[in-house]
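Report on the following structure.
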Amino acid sequence: VSIEINDIVVLLTDGITEAQSRGQEMFGTDRVSEIVRSCPETATAQDIIDALLAGLEKFCDGRIMKDDVTVVVMKRKS
């Protein structure tokens, strides 16, 4: 796999994608992709992690997580 400049690689556990809202809807991979795509091009890997975790927290609305939440983001700068 070739990673080009400004490409973003996101590795995460299913604790994120399977996290549920109060209505029992799962967070899912589409939300992860949407959050990553919504970050500005100037966002750092840490900014993307922060956005993902903030989006997850808002989605879960205080619901207790039943699984681990692990995310690694890599962004090629040059």
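The values are calculated or read from the model by the stated rules, or taken from the named source; none is laboratory data. Note that this is a predicted model, so its numbers are computed, not measured. Positions of Cβ are backbone-derived with ideal geometry, glycine not excepted, and every protein chain shown enters the neighbour counts. SASA here: full protein model, heavy atoms, side chains in, ligands and nucleic acids out. Shrake-Rupley method; radii C 1.70, N 1.55, O 1.52, S 1.80 Å.
Accessible area, 1.4 Å probe, largest first: how do D14, D30 sort? Walk me through the intermediate numbers first.
Numbers: D14 70, D30 120 Å².
Greatest to least solvent exposure: D30, D14.
Put a plus charge on the Cβ of each Lys and Arg, a minus charge on the Cβ of each Asp and Glu, and nothing anywhere else: the dipole of the chain about its Cα centre is then about 100 debye. Tell me the angle of helix 28-38 to the major Cα principal axis of the chain, expressed in degrees between 0 and 90 and rounded to the nearest ten. The helix 28-38 is inclined about 40 degrees to the chain.
What shape does the range 38-78 take by its C-alpha gyration tensor, where a ≥ b ≥ c are the square roots of the eigenvalues and a/c under 1.5 counts as rounded, a/b above b/c as prolate, and the rest as oblate? Oblate, because a/c is 1.5 or more while a/b does not exceed b/c.
Which whole-number percent gives the relative contact order of the chain, counting Cα pairs below 8 Å spaced six or more residues apart?
On the way: 98 pairs, mean separation 41.5, N = 78.
Relative CO of the chain lands at 53 percent.
Dipole orientation for the range 1-62: of the candidates G62, V9, I49, G62 has the Cα lying most toward the positive pole (charges on Cβ; Lys, Arg +1; Asp, Glu -1).
For trypsin sites (Lys or Arg not before Pro), the sites in the chain that DSSP calls loop and that have at most 10 other Cβ atoms within 10 Å are R22, K66, K77. Carbon-plus-sulfur accessible fraction, the chain (probe radius 1.4 Å, protein heavy atoms only): 52%.
Sorted by accessible area with a 1.4 angstrom probe, largest first, how do V32, V69, V9, V1 fall? All intermediate terms of the calculation are to be shown ahead of the outcome.
Numbers: V32 15, V69 60, V9 40, V1 180 Å².
Sorted descending by solvent-accessible area, the residues read V1, V69, V9, V32.
Within the chain, the longest run free of exposed loop sites, counting GluC sites (Glu not before Pro) that sit outside DSSP helix and strand states (H, G, I, E, B) and have at most 11 other Cβ atoms within 10 Å, spans 42-78.
Taken per residue, the accessible surface of the chain reaches 69 Å², heavy atoms only and a 1.4 Å probe. Largest first and in whole Å, the equivalent-ellipsoid semi-axes of the chain read 25, 12, 10, each the square root of five times a Cα gyration tensor eigenvalue.
Mind checking the angle between helix 45-60 and the chain's longest principal axis? C-alpha axes, 0 to 90 degrees, to the nearest 10. For helix 45-60, the angle is close to 20 degrees.
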